[in-house]
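To keep things clear, I will list the structure first and then write my remarks on it.
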Amino acid sequence: MTQRIAVIALALAACVAAIPSRSDDYPSRPVRIVFGFGPGSSGDVMSRVLAQRMSQDLGQPFIVEGKPGANGQLGATQVARAPNDGYTLFLASVSNATNVAITPASATDLAKELTPIALVATVPSILVVHPSLGVANVPELIALAKAKPDQLFFGSVGVGSPPHLAGELFKVMAGVKLVHVPYAGGSGQAATDLIAGRISMVFSPASTIAPHITAGSVKALAAATAKRAGLFPDLPTIAEAGLPGFDSGIWGGLMAPAGTPRPVLEKLNAEIVRAVSSPDLSAKIEGMGLVPSPQSLEEAARFVAAETTKWTRAVKASGASAD
């Protein structure tokens with residue numbers, strides 16, 4: 001019996017030793033950053049910019065891995081089930097907060113199964129339409145939608161996604177009837193169909209849609225967030241254009257599996273804040289249409305909790321909740 005206890009004790013000690021309790025030797029091997037959407041998405045852009053700098057600063061490869069599907073849920077599930085040793089991280093988005101509201105029974109709990117490390121950036125969102133609609137601003141779009149109920153189609157990356165909920169919020173606040181068209185492959189597919197004229201409008205991240213706005217393939221009407229988009233400072237917000245209080249923000253933040261040692265979280269947070277706050281990387285992020293938004297561990301936790309609460313209310317109001 002004594003020998004068996006000794007063996008168990010040694011095994012437990014080995015397990016504990018495998019989990020880093022200090023940050024001075026972290027990372028000692030490659031780190032994966034998983035994001036939940038397809039190539040070209042804001043999560044893809046954010047992950048790669050951050051991974052490049054983290055690899056440089058911490059001396060180990062930070063490898064980006066896309067896991068698209070279920071509105072970002074597949075990636076969240078994969079990371080939540082990974083070892084909580086700091087070597088598998090998740091670039092969470094607002095979609096993961098909305099998933100908690102829409103399918104609470106199956107969605108990853110951002111407060112219990114994952115731990116927020118730091119907000120990386122927010123993503124200005126733009127309301128864009130196909131030029132053939134012949135509208136120049138938000139009031140004209142609302143007038144057209146009222147004249148043609150259920151004849152204008154808006155695309156999104158999936159039911160319950162931020163672009164979908166932005167459209168639902170627009171419908172309620174403007175008093176119009178629009179038809180939702182979800183796309184499983186990310187915002188790029190919605191943009192492609194918008195350019196082709198197969199749908200009428202989208203609420204798209206500025207970083208994704210900016211080249212098409214510049215090329216004249218689509219027409220930008222307004223920013224869908226509380227503040228104007230840095231890439232298009234002359235473009236009014238939807239609130240300024242006639243729907244006071246409209247705000248549908250998108251964000252991305254790094255998370256780790258619950259139980260990841262605090263020293264590792266602190267080191268990652270410090271490195272992310274330092275990187276995102278640096279003049280060169282900050283300028284690079286802004287040039288991609290994103291807004292650098294570094295936070296402390298505590299600020300990140302409060303932010304994610306507030307977003308989950310906000311979108312839970314929005315989802316219930318839209319009727320999109322599965323419960």
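Of the helices (runs of 4 or more DSSP H) lying entirely inside the stretch 232-323, those carrying at least 3 residues that are in contact (Cβ under 8 Å) with a residue 24 or more places away in the chain and open to solvent by 20 Å² or more (accessible area, probe 1.4 Å) are 262-277, 297-318.
Within the stretch 198-223, the set of residues being small (G, A, S), open to solvent by less than 10 Å² (accessible area, probe 1.4 Å) and under 22 Å from R48 (Cβ atoms) comprises S204, A206.
For T308, state whether it is closer than 24 Å to D44 by Cα and hydroxyl-bearing (S, T, Y). Spelling it out, T308 is indeed closer than 24 Å to D44 by Cα and hydroxyl-bearing (S, T, Y). Scanning the stretch 60-97 for residues that are part of a loop (DSSP other than H, G, I, E, B) and at pLDDT 95 or above yields Q60, P61, R81, A82, P83, N84, D85, G86, Y87.
Looking across the stretch 117-173, just one residue is open to solvent by 40 Å² or more (accessible area, probe 1.4 Å), among the acidic types (D, E) and in a helix (DSSP H, G or I), and that is E140.
Residues are listed down the side, and each one gets a yes or a no for (1) under 13 Å from V129 (Cβ atoms); (2) more than 20 Å from the chain's Cα centre (by Cα); (3) at pLDDT 90 or above; (4) not in a loop (DSSP other than H, G, I, E, B):
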{"residue": "S204", "(1), (2), (3), (4)": "yes, no, yes, yes"}
{"residue": "S207", "(1), (2), (3), (4)": "no, no, no, yes"}
{"residue": "S217", "(1), (2), (3), (4)": "yes, yes, yes, no"}
{"residue": "A229", "(1), (2), (3), (4)": "no, no, no, no"}
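When each of A239, A305 is tested for being modelled with pLDDT of 90 or more, touching a Phe, Trp or Tyr at 6+ places or on another chain (Cβ under 6 Å) and farther than 12 Å from V120 by Cα, the lone residue that passes is A239.
Within the stretch 74-92, none of the residues are within 30 Å of A241 (Cα to Cα) and touching a Ser or Thr at 6+ places or on another chain (Cβ under 9 Å).
As a summary of the residue check, A190 satisfies the conditions (1) modelled with pLDDT under 90; (2) over 18 Å from the mean Cα position of the chain (by Cα); (3) in a helix (DSSP H, G or I) except for the one numbered (2).
The values are calculated or read from the model by the stated rules, or taken from the named source; none is laboratory data. Just so you know, these numbers come straight off a predicted model, no measurement behind them. Quick reminder, even Gly has a Cβ in these numbers, built from the backbone with ideal geometry, and neighbours come from all protein chains shown. Note: accessible area is taken over every heavy atom of the protein model, side chains too, but ligands, DNA and RNA are not part of it. Shrake-Rupley method; radii C 1.70, N 1.55, O 1.52, S 1.80 Å.
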